[in-house]
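A.B. asks: One structure, as structure tokens, below. Some questions next.
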Amino acid sequence: MIIFSIPFAILQVYFLISANWIKDAYRQTLEQLILLFFNVFLTVLYADSFYCYCAASKRYRIQVLNALKYLFACENQRRNRVVPVGESLHLTATLQQQGTTVH
């Protein structure tokens, strides 16, 4: 990863230095192509390790799914629902047994 991070940093410094230079269309296209290559390659490096962890570790997959559920609030949907009066007493007792608070 560091093999491509250092050239990417050098490329960013070059872009900052040459931002006000007058460049023809070919040079601008070439610079954008090189920048795109580094962006895609560095993204694939990080995504690659993520997919390897997901493929190899069941615990990691469970943690990722739990984080996604929490992020998209799928876990909170059952607590925020409207229930009929007769069913609400049973739901309150069930939630108290699970250790969640009822407001």
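Computed from the coordinates by the stated procedures, all read-outs in this text should not be read as laboratory data. The model shown is predicted, which means the values in this text are computed figures rather than measured ones. Cβ: placed from backbone, ideal geometry, glycine included. Neighbour counts: every protein chain shown.
A.B. asks: With a point put 7 Å past each Cα toward its Cβ, work out how far A25 is from V64 in nm, to one decimal.
C.D. replies: 4.3
A.B. asks: Moving on. Efficiency by 1/(1 + (r/R0)^6): what FRET value for L71 and L45, r their Cβ-Cβ distance, R0 = 30 Å, to the nearest 0.05?
C.D. replies: Between L71 and L45 the formula returns 0.80.
A.B. asks: List, in order, the whole-Hz ³J(HN,Hα) value for each residue of the stretch 59-67 obtained from phi through the Karplus relation with A = 6.51, B = -1.76, C = 1.60 and θ = phi - 60°; use x for Gly and Pro.
C.D. replies: 4, 5, 4, 5, 5, 5, 5, 5, 5
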